[in-house]
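Engineer: Mind having a look at this structure? Questions to follow.
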Amino acid sequence: MLGASRSPLGEPRPSYRSWAHPSLLDQVCLSLLWFAFYAQWLTVVPILVPDQVATILGADASQKEGLSGSVVAAGAAVALVIAPVAGALSDRARSPFGRRRPFLIIGIAGTCLALLAMVPFGPGSSLLLYTAAFLNLQFWWNWAAGPYAGLIPDVVPAAGRATASAWMNVMSVFGSISGNLLVALFYAPGRPAVVVAMLVAVNLVCLALTLRFVHEPPATAVATPFALGAFLRSFYVDPRAHGNFYWVLITRLAGNMGVWSIFTFLLFYLRDVIGIAKAETVLPVLLGAGAVVAVPASIVGARLADRYGLVRVVSATSWIMAAAATGYVLVAFAPNLILVAPIVVIFAASYGAYQAVDWALALAVLPSGESAGKDMGIWHIALVLPQIIGPALTGWIISGAKHAVSDVFAYTVAFGIAALWFLLSAALVVRVRLVRSG
């Protein structure tokens, strides 16, 4: 442990651990809020929001896909702005307890209250008010998520970031498993209170452990007076100097366009195309199984990245997700749970492996260490923007095609387009040129 130092104001800073040789506890605690993030979002977005929208409108409402996708897209628009802004503000913060910590505390507290605010909505409730509640949830979580994304480059030396990224992915996978397990065991359609209370508890416990065991190093840059113009100009990253950063943004955007064009509508796909009556129970089991497989897949992916390079593994996992999306299309013509189950598992597992290496790739092309919160917030846009475009575009394609032709035709078109997004990601990521790629 390093000794306590003093801030420029003479206030004592907390001691913090050197991360040259992080322990298992260090790695786990650094990634705990990713556990909470995925426990929440891989249940709220693909299961709770579609089910609550269907409950509000009525299960047979013809526009439930379009409106569900639009709610998710509206929330993602909030995240698009808040994550990079909060990250940039945290870069400038000079709290004696760390730059990111105040944002984590306020953001997670707000997230818990926002989750509880979504519980009362039921049949006949206002969809407009429900959308406002979801926007509120997105605001507070991204107030924490933007600064939190800067913690790994803040705390971990460059040589240890690949391992830290792998642990981040492992904790994300376990979060996905845990969230979907909670839904499978305790969620009842139209009655989310029990699951929401459990997600609140997960957020609070993970925050408490993060604050207890992860201490940030002091900021090295001198704080400057806030000027709005300079703050806004700081979001510009010169593409001539950081071309790799932009190629990673573009390929991540394409890959996540495919992911969110599928994840948001899997519940309706299983109900309306495959014909599963209790899809809200079956889907979390399938996603959980995929998350379980994603753990060894992530480890294998990290080892393959060491041998063949991050770029090749990101490309390979994108090809696998494209194949899985094509599988959804083919199964629509012969609907059967036995056929679709392995596709859901393969899709979820390949997405988990993709995340492990994609995060490490982002850290490898990060423009600046001191502004990591802002830069990772910009990178976060490539995750969030597809949550705006993908669900809204795909949702209305599905709703229109269902009305004009049939359910099978609608999902064939929508998931076929998703496969094309994955193919574009696989093709473009090879343009990234790392100094050392394998």
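Engineer: Ignoring ligands, DNA and RNA, how do ARG303, ARG99, ARG212, ARG271 rank by accessible area with a 1.4 Å probe, largest first?
Structural biologist: On the way: ARG303 175, ARG99 20, ARG212 145, ARG271 55 Å².
Output order, biggest surface exposure first: ARG303, ARG212, ARG271, ARG99.
Engineer: Given points 7 Å out from each Cα along the Cα-Cβ axis, report the TRP319 to ARG94 separation in nanometres with one decimal.
Structural biologist: Result: 5.2 nm between the two label points.
Engineer: Once the cut-off is 18 Å, how many percent of the Cα-Cα pairs in the stretch 271-355 end up in the long-distance tail? Mind showing how you got there, number by number?
Structural biologist: Numbers: 1651 of 3570 pairs.
When all Cα pairs of the stretch 271-355 are counted, 46 percent exceed 18 Å.
Engineer: Dipole of the chain (Lys/Arg Cβ +1, Asp/Glu Cβ -1, origin at the Cα centre): which of ILE262, VAL384, PRO217 lies farthest to the positive side?
Structural biologist: PRO217
Engineer: Given the chain, what whole percent of its Cα pairs are spread farther than 34 Å?
Structural biologist: Values: 27118 of 95703 pairs.
Here the tail beyond 34 Å accounts for 28 percent of pairs.
Engineer: For the stretch 405-416, in order, what is each residue's ³J(HN,Hα) by Karplus, 6.51 cos²θ - 1.76 cosθ + 1.60 with θ = phi - 60°, in whole Hz (x at glycine and Pro)?
Structural biologist: 10, 6, 4, 4, 4, 4, 6, 4, 5, 5, 6, x
Engineer: By how many degrees, between 0 and 90 and to the nearest 10, does the Cα long axis of helix 310-331 differ from the longest principal axis of the chain?
Structural biologist: 20
Engineer: For LEU128 and VAL405, FRET efficiency with R0 = 30 Å and r from the beta-carbon atoms, rounded to 0.05?
Structural biologist: Numbers: r = 30 Å, r/R0 = 1.01.
Calculated transfer efficiency: 0.50.
Engineer: Now for a separate question. Measure off 7 Å from each Cα along the Cα-to-Cβ vector at ILE105 and ALA201, then give the distance between these two points in nanometres to one decimal.
Structural biologist: That separation, rounded to one decimal, is 2.5 nm.
Engineer: What is the helix-to-structure angle for 279-308, meaning the angle in degrees between its Cα long axis and the longest Cα principal axis of the chain, kept from 0 to 90 and rounded to the nearest 10?
Structural biologist: For helix 279-308, the angle is close to 50 degrees.
Engineer: Let me check I've understood the local charge: for VAL195, count other residues with C-beta under 13 angstrom from its C-beta, Lys and Arg +1, Asp and Glu -1. What total comes out? Before the final figure, lay out each step's value.
Structural biologist: Details: positive: ARG191; negative: ASP51, GLU280.
Overall, the nearby charge balance is -1.
Engineer: Leaving out ligands, DNA and RNA, and with a 1.4 Å probe, what % of the accessible surface on the chain is carbon or sulfur? Let's see the in-between values first.
Structural biologist: Values: 11930 of 17100 Å².
Within the chain, the accessible surface is 70 percent carbon and sulfur.
Engineer: Averaged per residue, what accessible surface does the stretch 13-153 expose to a 1.4 Å probe, in Å²?
Structural biologist: Roughly 31 Å² per residue, with all protein chains present.
Engineer: Taking θ as phi - 60°, what are the ³J(HN,Hα) couplings along the stretch 132-137 by the Karplus curve (6.51, -1.76, 1.60), each to the nearest whole Hz, with x for Gly and Pro?
Structural biologist: 4, 5, 5, 4, 4, 4
Engineer: Taking a cut-off of 21 Å, what percent of all Cα-Cα pairs in the stretch 52-142 are separated by more than that?
Structural biologist: Tail fraction, whole percent: 41.
Engineer: In addition: If I model a spin label as a point 7 Å beyond the Cα along the Cα-Cβ vector, how far apart are those points for LEU209 and VAL81 in nm?
Structural biologist: The answer from the label model is 3.5 nm.
Engineer: Could you calculate the contour length gain from ASN336 to LEU185, that is, 0.36 nm times the residue separation minus the distance between their Cα atoms, to one decimal place in nm? Intermediate results must be reported in sequence, preceding the final value.
Structural biologist: Working: separation 151, 0.36 × 151 = 54.36 nm, distance 2.34 nm.
Stretched fully, the ASN336-LEU185 segment lengthens by 52.0 nm.
Engineer: Would you please give the residues with an amide H less than 5 Å from that of ILE276, counting only those at least 5 places away or on a separate chain, with H modeled from the backbone geometry?
Structural biologist: Result for ILE276 returns ARG271.
Engineer: How large is the dipole of the chain about the Cα centre if only Lys and Arg carry +1 and Asp and Glu carry -1, each at its Cβ, rounded to the nearest 20 debye?
Structural biologist: Approximately 880 debye in magnitude.
Engineer: While we're here: VAL194 to LEU420: extension gain in nm, 0.36 nm per residue of separation minus the Cα-Cα distance?
Structural biologist: Fully extending the segment from VAL194 to LEU420 adds 77.5 nm.
Engineer: Compute the angle between helix 193-213 and the longest alpha-carbon principal axis of the chain, please, reported from 0 to 90 degrees and rounded to the nearest 10.
Structural biologist: The angle comes out at about 20 degrees.
The values are calculated or read from the model by the stated rules, or taken from the named source; none is laboratory data. Predicted, not measured: the structure shown is a model, and the values here were computed from it. Virtual Cβ from ideal backbone geometry, glycine too; neighbours counted across all protein chains shown. Heavy atoms of the whole protein, side chains included, go into the accessibility calculation; ligands, DNA and RNA do not. Shrake-Rupley method; radii C 1.70, N 1.55, O 1.52, S 1.80 Å.
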